[in-house]
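These notes concern the structure reproduced below.
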Amino acid sequence: MEYKHQIKTLEQYNEAYKESIENPDSFWAQIAETFTWRKKWDSVLNWNFTEPKIEWFSGGKLNITENCIDRHLETMGNKPAIIWEPNNPDERTRVVTYSRLHKRVCQFAQVLKNNGVKKGDRVCIYMGMVPELAYAVLGCARIGAIHSVIFGGFSAQSIADRLVDAAAEYIVTCDGAYRGGKDIPLKDVIDDALIGNKTVKRVIVYTRTRTPVSMIKGRDVWWEDEMEYAETQVEKDNVVTMPATEMDAEDPLFILYTSGSTGKPKGVVHTCAGYMVWTYYTFINTFNYNQGDIHFCTADIGWITGHSYILYGPLSAGATSVLFEGIPTWPNAGRFWDIIEKYKINILYTAPTAIRSLMGFGLEPLEGKNLDSLKILGTVGEPINEEAWHWYDEHIGKKRCPIVDTWWQTETGGILITNLAGVTPAKPTYATLPMPGVDPVLVDENGQILEGGNVSGNLCIRSPWPSIIRTTWGDHERCRTTYFTTYPNLYFTGDGALRDENGFYRITGRVDDVLNVSGHRIGTAEVENAINMHAGVVESAVVAYPHDIKGQGIYAYVIFNGKHGDAEQTRKDINATVSRIIGAIARPDKIQFVPGLPKTRSGKIMRRILRKIAEGETSNLGDTTTLLDPGVVDEIAAGKI
Ligand code: WT7
């Protein structure tokens with residue numbers, strides 16, 4: 001496969017960028033031409049940001065799995081599509097070629113059909129990082145079912161809320177998942193999530209850990225049995241046929257829940273054609289992917305990074321993508337380096353939090369590890385600090401691998417601001433330049449557009465790129481008010497950024513009440529709601545503080561009137577409550593018990609003060625005269641932990 005639209009030089013980037021902004025229709029039409037369509041689109045782009053209404057390739061008909069799998073079969077049937085590295089390095093690797101992937105996806109699509117799943121139905125996927133997770137996701141896409149993958153770290157309560165919000169009738173899960181030294185009982189969590197649920201009709205259970213699970217008659221079925229039967233339906237004389245369902249360009253492909261500044265996560269909706277074109281285009285260009293390269297994105301498929309850069313982006317480009325079940329520090333902190341050596345990885349795409357955590361183990365885990373195969377390094381999910389950037393550059397890339405710092409969001413579907421590996425310049429801690437098709441602006445508080453270099457403001461985008469969020473599931477108004485009303489006619493990212501004299505962007509972090517803990521997005525209101533569920537908690541306020549490894553840590557101020565146990569015990573109980581309500585990823589790192597919270601006369605909590613205290617600033621807290629009880633600030637500062 002030749003990548004006709006791969007940018008090779010800085011001049012080509014400048015040209016492509018200019019063309020994409022001046023003539024978006026013809027620019028994107030040319031790229032879309034390279035895909036397999038059942039029917040060509042009628043118009044490239046129709047949009048307004050007021051409703052918002054955004055349609056790319058409207059009238060076009062296609063199926064994304066034909067583009068990610070079928071079209072590669074003739075020339076690349078035997079090429080590895082997915083290389084699976086198990087949690088336990090002593091277990092056997094599995095290499096899934098494009099033809100094998102085709103067979104399994106067809107088979108699983110047939111399983112879904114056999115179980116009553118139809119186009120447009122929502123299928124919730126709650127699995128560990130096994131190849132079957134890829135088959136489940138792509139099997140849904142094959143028949144036009146809308147997948148909603150939920151990260152394995154979320155609790156039963158979180159799953160229950162998402163099942164209701166999406167009115168999902170089907171679940172695909174595993175008995176359990178291996179992650180480092182732990183076995184996580186996924187089916188158990190699903191069983192808890194289903195207590196009282198009236199909409200789910202079927203749960204398909206893949207066996208991974210062979211942990212005992214309850215299987216409810218009429219509701220739960222085994223993956224293996226279903227696949228065995230489906231095989232007899234889709235395969236005849238060694239030929240696999242399972243027609244893909246024809247989809248409209250703007251039919252929903254998936255829902256992915258993410259946190260915002262309210263207590264309730266929202267279902268971000270992406271659609272078929274625009275998402276496909278964008279993940280492909282950004283994949284081949286950001287990483288300068290060449291045929292034969294082995295791409296290793298360490299994210300979990302439960303997050304958007306895994307959707308876009310383990311599955312859809314690489315597969316649409318006919319690439320080889322590594323799917324890793326485990327964690328970077330198990331059985332030891334050399335695990336990534338072993339994997340790189342074992343598969344001769346060329347592209348490593350990971351998060352700053354992983355880099356910082358591995359940095360903490362020193363250079364010993366790198367000794368004797370051959371990292372010569374690496375050509376390109378990437379980072380994503382949060383701002384990368386200078387120290388981590390240089391460590392990555394020196395000790396992993398050996399100063400010969402470009403580092404791409406890719407800024408984007410669940411809502412953007414794919415990378416929006418990044419340098420292109422080896423093509424456009426890198427600058428440590430800067431995501432640098434926009435992708436072709438992306439028109440960023442910085443605005444001040446009043447929505448005034450800031451021109452020129454050396455300015456900072458809130459980051460917005462002026463016009464749609466193909467994989468922009470289309471709606472929030474079941475609540476279009478929420479999509480409008482969250483992203484399109486803060487600054488009229490602009491998409492508001494929720495991030496602050498600065499632009500240097502060369503037009504390079506540096507993302508400075510969220511400007512709303514969203515935390516970014518180890519690259520995971522969590523709303524402060526969500527954590528507060530969970531803490532407040534604990535008996536004895538009167539009120540709480542959650543803020544971020546700088547954390548050496550996680551980037552941001554969660555600092556909770558809690559007013560507690562319960563009497564049970566000592567403070568340490570109560571902290572553990574509160575943490576257990578948060579784990580139960582959201583999941584372990586949202587547990588506060590620090591809990592300080594306080595006599596009151598700093599509130600204005602109108603009852604608004606002054607988070608600015610709480611953030612300063614959490615950051616370690618106990619004097620210079622700014623103006624506190626508007627507070628109802630300024631004295632409480634000194635008490636809080638004195639009790640800082
Ligand atoms: C938020 C989006 C991007 C996929 C994974 C996270 C932050 C993301 C960067 C970066 C600085 C970054 C932003 C953004 N972020 N990438 N390269 N530099 N910050 O997706 O969970 O939707 O989170 O992550 O704050 O808004 P997400």
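Couple of notes before you dig in:
- The alpha carbon gyration tensor of region 1-66 gives principal lengths a ≥ b ≥ c with a/c of 1.5 or higher and a/b no greater than b/c, which makes the shape oblate.
- Debye log10 I(q)/I(0) at q = 0.15, 0.18, 0.25 Å⁻¹ for region 477-529, Cα point scatterers: -0.57, -0.77, -1.06
- Here the accessible area is traced with a 1.4 Å probe on the protein chains. For the chain, carbon and sulfur cover 49 percent of it.
- Measuring max minus min along each principal axis, the C-alpha atoms of region 518-641 give extents of 39, 34, 25 Å (largest first).
- Trypsin sites (Lys or Arg not before Pro) within region 150-216: DSSP coil, no more than 12 neighbouring Cβ in 10 Å: K198, R210
- Ratio of the Cα radius of gyration of region 98-245 to 2.2 N^0.38 Å, where N counts its residues: 1.00
- Pair I21, L450: separation of 7 Å Cα→Cβ label points (nm): 1.8 nm
- Environment charge at V95 (Cβ cut-off 11 Å; Lys +1, Arg +1, Asp -1, Glu -1): +3
- Simple label model, 7 Å out from Cα along Cβ direction - E615 to D512, nm: 2.2 nm
- In the distance distribution for region 419-475, Cα-Cα pairs more than 15 Å apart total 63 percent.
- Rg/Rh ratio calculated on Cα atoms of region 402-501 (Kirkwood radius): 0.98
- The trypsin sites (Lys or Arg not before Pro) of region 38-83 meeting both criteria, a DSSP state outside H, G, I, E and B (loop) and at most 16 other C-beta atoms within 10 angstrom of the site's C-beta, are R38, K40.
- Separation of alpha-carbon centers, region 389-450 and region 164-181, rounded to whole Å: 33 Å
- Take the chain with all the other protein chains still there, run a 1.4 Å probe, and you get 38 Å² of accessible area per residue.
- Antiparallel DSSP beta bridges within the chain, percent to nearest 5: 60 percent
- Relative to the Cα centre, the charge distribution of region 296-450, modelled as +1 at Lys and Arg Cβ and -1 at Asp and Glu Cβ, gives a dipole magnitude of about 600 debye.
- Peptide ranges 295-304, 472-481, 231-240, 125-134 listed from the most packed, as the mean C-beta count within 10 angstrom indicates: 125-134, 295-304, 472-481, 231-240
- Kirkwood-based Rg to Rh ratio, the chain, C-alpha trace: 0.95
- Neighbourhood net charge (11 Å Cβ-Cβ; Lys/Arg +1, Asp/Glu -1) for A586: 0
- Taking Cβ atoms as reference points and 11 Å as the exclusive limit, the residues near G596 contribute a net charge of -2, counting Lys and Arg as +1 and Asp and Glu as -1.
- If you plug the beta carbon distance of A638 and S602 into 1/(1 + (r/R0)^6) with R0 = 41 Å, you get a FRET efficiency near 0.95.
- When shorter helices are ignored and each DSSP H run of at least 4 residues is given -39500 (n - 2.57), the per-residue value for the chain at 222 nm works out to -8000 deg cm²/dmol.
- C-alpha center-to-center spacing [region 254-297, region 467-506] in angstrom: 16 Å
- What you get for the chain, charging only the Cβ of Lys and Arg (+1) and of Asp and Glu (-1), is a dipole of about 840 debye around the Cα centre.
- Cα→Cβ-extended label distance, 7 Å offset, between E501 and A584, nm: 4.9 nm
The values are calculated or read from the model by the stated rules, or taken from the named source; none is laboratory data. The model shown is predicted, which means the values in this text are computed figures rather than measured ones. Cβ coordinates were reconstructed from backbone atoms using ideal geometry, including for glycine residues, and neighbour counts include every protein chain displayed. Each accessible area value is taken on the protein alone, full model and side chains, heavy atoms only, with ligands, DNA and RNA left out. Shrake-Rupley method; radii C 1.70, N 1.55, O 1.52, S 1.80 Å.
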